[in-house]
Amino acid sequence: MIPPEPSKANGALSLSQLSEPSGHFRSGSHSPSPSPLPHRSSKPSSCSPFRLCGRRHLTPEEEAARHAHPIDLKNLPREVARMRSHKAQLKAEFMLLAKNPALPQTRARMPVNSTKNNFPKVLPYDGTRVLLQQLPNDPFSDYINASYIDSFDTPRAYIATQGPSKKTAPDFWRMIWQERTGCIVMLTRVFDFIKVVCIEYWQMIDELPYGDIHVTVIDKESLANYIVRTIRLRKGHEEREIKHFQFLEWPMHRIPDIGNMLEFRRKVLNYIPTSDFDGPIVVHCDDGASRTGCYLALDVNLNLLKSEKKVDIFNYIQLERQMRPYMVENKAQYRFLYEACLEHQLTGDTVIPVLDLAARMKALSAKTPDKKSNYFHEEFKLIQKLTRPLPTGVCAGGHRTDNRYKNRDVIMVPPDYARPYLTSQHGQEASDYVNAVFVDGFQRKNDFVVAEWPQKNTVNDIWSLIYDHDCNTVVVLSDPPISLDKPSFFHEKGKTKSYGCFTPELIAQQRYPNIRTAMYRIRKKTPLEDARLDYRLLLKNGITTVSLQEMMMGTVNELKTTQFFILECWPESNKVPTSTAAVIELFGMVDRWRIKTGMKPILVISPDGYTRAGVFCAAKIACEQITMHQEVNVFLATKTCKINRPQLVENPMEYKYCYDLVRTYVYTVATAVPKNESSEY
């Protein structure tokens, strides 16, 4: 969020115009001109059934029709608030779009082409389908399940197509070559919703070309939410290089996080002007309609918002559906488009080139016109507004009666879809629950595990978490005196100590200015050993047998190594550390250890599971972005941390300190963070 005063004159929105998001909702670079599409007038005539009067209320369908027109920027917050509060109107408005036009699909429905359609319901219309150049002696080789899609001002700006299968991949690459496409946008994983929805078509099968086109990936950059590949195509003596952008975090039948989607689109847009090819952008998901239609509608309407200060989502979806059926699948995606346009306008450009960091921080530190705060505070307030609370229903595991005592605060409970499940505990009272939550990093999904300081009854669970999830790096962000409230959960004296079924052996210790380290080799007892040791307890409880499965599991478990990094310069009474340089050094020590031992999740432990931990994670994300891309987005890094635990980075002081850490990192560190060489998706 840039200090908004200069942009207010251009119609930018203020924070006060944004309503609180509801808890249940989770989540072409052409410059468009005003929409040429016919649309309903927003001014009803005297005989209009939509005229507001005292005689009757409008039906949801009538109210929906009133909103089926371009929306000015100044009215966008009101429209989003309406959708949040009037679900019946949202449903009725989407139902006006739901019916696909009865246009001919003759070629697509021919029996000979049936095997080229992955989804029989989503077939291209004859008038907008992509016609491939026919192969010799094959009159049906001109067919591919792909459709041209217009933007508001550019015909055939995009091609929407289904995810290639083994049979259709050669046709896909023929289309890319024929249309002179320089950019492919992929909105699905290869494996989604318990099935393979798309092959890895960028890899040649058995080293064989796709027809007469050779495909080679010459570079790949893997980040937490997307992958960018540089692909070389060769046909005869001609070679081309194109970009392939794969967004990873858009599950089928759901919607993505808005901030991550907007960042992905920004990366695509940054590449397009540098492309050597002027062909359509090819976009696909699994069926080439639902997520594809949503992405195209977002791209076009953000361009329209930039150039004309308005959006026309309803009419653009109508245009899409005239060119390909089932574009934009459901009302959740429809609402997502409005939410995303509003968030894009509210946040502005939060990416800061490294060379501009000092100037931007100076601008953010300026007082607001009312002199009551500065723009760091305003930016943090906007993040809080955009952070969606977790519904109680998604946190069922932590609210179970037998798990409540494991939470320091019953409000601070992880969502079930983002908590690490324990698998090592055995016996009658074993549980898979620990109050911890995954947080995405910059390069890797679930790069951090954030946990609270264990209570006396959860110390064993912390070691189970370390062992079960291969947390070879443990960062402890406080060093309190041992007490009943803050019991010791790792030993720094003596060689071994047992914590439940785990026996960590202290094998090395080091002390540095403001940081000390302790390395452990962890041995896990087998269920059979536990049964022998606890036999008296079993007899006391009336249990005299051990299951055959447990007996068969009585093998030697793997030894695992982990290193603790304890930060000593953050007293409990301080909001921020006394040494920023020590935190930056901690980043470097953690990176060097992970390079040596593997990029496994970092377990971050704070006194209560949210203070301090958010600062570490957000700043670490931002610093990795600086090293890799020479730019930083502290706003998005903070917002990413708060997706699964909204309390992370809890106040403006912590948020400002993230910027301070980033600035210190820029001035003092020049080492490279290695790229993630994770497996393909």
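Here are some notes:
- Amide H to amide H, with H built 1.01 Å from N, Gln105 comes under 5 Å of Asp126, counting only residues 5 or more places away or on other chains.
- In order along the range 224-241, the Karplus-derived 3J(HN,Hα) couplings, from 6.51 cos²θ - 1.76 cosθ + 1.60 at θ = phi - 60°, round to 4, 10, 7, 10, 10, 10, 9, 10, 9, 9, 9, 10, x, 9, 9, 10, 9, 10 Hz, and Gly and Pro are given as x.
- Placed amide H near Val604: partners under 5 Å, 5+ positions off or other chain: Val449, Val450, Ala451, Val475
- Eligible aspartates and glutamates near Lys600 by straight Cα distance, threshold 14 Å, same-chain separation 8 or greater: Asp440, Asp447, Asp468, Asp470, Asp591, Glu677
- Around Glu568: net Lys/Arg minus Asp/Glu count, Cβ-Cβ under 10 Å: +1
- Pairwise label distance in nanometres, Glu207 with Thr274, each label 7 Å out on the Cα-Cβ vector: 3.2 nm
- For the range 625-639, 3J(HN,Hα) computed residue by residue from phi via the Karplus equation (6.51, -1.76, 1.60; θ = phi - 60°) reads 4, 4, 5, 7, 10, 6, 8, 9, 9, 5, 4, 5, 4, 5, 4 Hz, glycine and proline entered as x.
- Equivalent ellipsoid dimensions for the range 459-513 as semi-axes, Å, which come from the Cα gyration tensor, largest first: 18, 15, 13
- Computed lengthening from Ala366 to Val196, 0.36 nm per intervening residue step minus Cα-Cα distance: 56.0 nm
- Once you reduce the range 274-326 and the range 340-394 to the center of their Cα atoms, the two points are 28 Å from each other.
- Distance violations [Cα-Cα > 29 Å] among Lys385/Lys656; Lys267/Lys381; Lys74/Lys445; Lys91/Lys310: Lys74/Lys445
- By the beta-carbon count within 10 Å of each Cβ, the least crowded to most crowded order of Glu308, Glu624, fewest first, is Glu308, Glu624.
- Only the Cβ atoms of Lys and Arg (+1) and of Asp and Glu (-1) were treated as charged; on that basis the dipole of the range 111-349 about its Cα centre amounts to roughly 360 debye.
- Residues whose amide H comes within less than 5 Å of that of Tyr210, counting only those at least five positions distant or on another chain, are Val215 (H built at 1.01 Å from N in the peptide plane).
- Those chymotrypsin sites (Phe, Trp or Tyr not before Pro) in the range 432-530 that DSSP places in a loop and that have at most 16 other beta carbons within 10 Å: none
- In Hz, Karplus ³J(HN,Hα) per residue of the range 272-284 (6.51, -1.76, 1.60; θ = phi - 60°; x = Gly, Pro): 3, x, 8, 6, 7, 10, 10, x, x, 6, 8, 10, 8
Coordinate-derived values only; no laboratory data. From a predicted model like this one, the values you see are computed outputs, not experimental measurements. Neighbour counts run over all protein chains shown; Cβ positions are idealised from the backbone, glycine included.
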